[in-house]
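What follows is a single structure, written as structure tokens, with notes after it.
The values are calculated or read from the model by the stated rules, or taken from the named source; none is laboratory data. A quick note: this is a predicted structure, and the numbers were derived from the prediction, not measured. When we count neighbours, we look across all protein chains shown, and the Cβ atoms used for this are built from the backbone with ideal geometry, even at glycine. Only protein heavy atoms, including side chains, enter the accessible area calculation; ligands, DNA and RNA are left aside. Shrake-Rupley method; radii C 1.70, N 1.55, O 1.52, S 1.80 Å.
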Amino acid sequence: MPGITIGDKVPNLQVETTHGKFMLHDYISDTWTILFSHPGDFTPVCTTELGMMAKYADEFSKRGVKLLGLSCDDLESHEEWIKDVEAFSGGHKVKYPIIADPNREIIKQLNMVDPDEKGSNGEPLPSRALHIIGPDKLVKLSFLYPATTGRNMEEVVRVLESLQKAAKYKVATPVNWKPGEEVVISPSVSDDQAKKMFPQGYHTADLPSKKGYLRFTQV
Ligand code: BEZ
């Protein structure tokens, strides 16, 4: 697969954004970052998505997360379009920067190219890609949605919380997990270790194998 995927370090590209030019590593610094692309400015689904990102910005900020948008439109287009996005989102301000990548260099390096969608000039367009980048600048999770499917910001918050819990404790989140629910203890943790690591206690599912590998706790 071309470009970055989970486990890869984000390349330290210089980007031109609505908040000026900067290097990606300087922006990420040592914080969690959500880097997300959209197919194009002044398109319907993208307008709803970026407006919802603006609405959720506080949710991300209180979890120590920075946002960074991207499309292949130029800065002038972004600035004009942001007015529509803010109006549609009920006045939530787009406080996060949006990268302008008219030469398509960044979307290629960041694995954000949609294989099907093309601009009016036949140039590739970004998919609805979203990378969650850890403070170590490694990609922890990636979504790759087609242009026709808008992302779900509750799902972005959900997976972010899962990643942050897994980074902090030796746990993972089970099927359909939601923030606040019990997590499972990593199989690499022995029962003796689990007793020390999770003084709040844990309980083990009683399964036919009696192997005791499915242990739930609250963190
Ligand atoms: C949209 O944002 O609605 C959209 C953009 C590109 C292709 C299809 C839909």
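Could you go through region 40-61 and let me know if any residue there is within 11 Å of the ligand (Cβ to nearest atom), open to solvent by 60 Å² or more (accessible area, probe 1.4 Å) and not polar (S, T, N, Q). Yes, because at least one residue in region 40-61 is within 11 Å of the ligand (Cβ to nearest atom), open to solvent by 60 Å² or more (accessible area, probe 1.4 Å) and not polar (S, T, N, Q). Checking Ile82, Ile6 one by one, the residue that is aliphatic (A, V, I, L, M) and outside the structural domain of Leu144 (by TED's automatic domain parsing) is Ile6 and no other.
Out of Asp136, Asp101, one residue alone is crowded, with 20+ Cβ neighbours inside 10 Å, of a type in the set (D, E, K, R) and modelled with pLDDT of 95 or more. It is Asp101. Residues of region 104-133 that are charged (D, E, K, R) and either open to solvent by 20 Å² or more (accessible area, probe 1.4 Å) or not in a strand (DSSP E or B) (or both): Arg104, Glu105, Lys108, Asp116, Glu117, Lys118, Glu123.
The condition of being modelled with pLDDT under 95 and either of a type in the set (Gly, Ala, Ser) or more than 22 Å from Pro146 (Cα to Cα) (or both) holds for only one of Gly3, Gly90, Gly64, that being Gly3. The set of residues from region 21-39 being within 16 Å of the ligand (Cβ to nearest atom), open to solvent by less than 10 Å² (accessible area, probe 1.4 Å) and not hydroxyl-bearing (Ser, Thr, Tyr) comprises Phe36, His38. The strands (runs of 3 or more DSSP E) falling completely within region 1-98 that include 2 or more residues that are in contact (Cβ under 8 Å) with a residue 40 or more places away in the chain and closer than 26 Å to Glu117 by Cα map to 14-17, 32-37, 65-71. Scan region 151-189 for residues that are open to solvent by less than 50 Å² (accessible area, probe 1.4 Å) and assigned to a loop (DSSP other than H, G, I, E, B) and the total you get is 6. I'd like to know if region 203-219 contains one or more residues that are touching a residue at least 24 places away in the same chain (Cβ under 8 Å), among the small types (Gly, Ala, Ser) and either farther than 23 Å from His131 by Cβ or open to solvent by 50 Å² or more (accessible area, probe 1.4 Å) (or both). Within region 203-219 (the criterion being touching a residue at least 24 places away in the same chain (Cβ under 8 Å), among the small types (Gly, Ala, Ser) and either farther than 23 Å from His131 by Cβ or open to solvent by 50 Å² or more (accessible area, probe 1.4 Å) (or both)), the answer is no, since none of the residues qualifies. Here Ile6 meets the list (1) away from the ligand (no atom under 16 Å from the Cβ); (2) closer than 17 Å to Arg128 by Cα; (3) open to solvent by less than 70 Å² (accessible area, probe 1.4 Å); (4) within 15 Å of the chain's Cα centre (by Cα) almost entirely, failing just condition (3).
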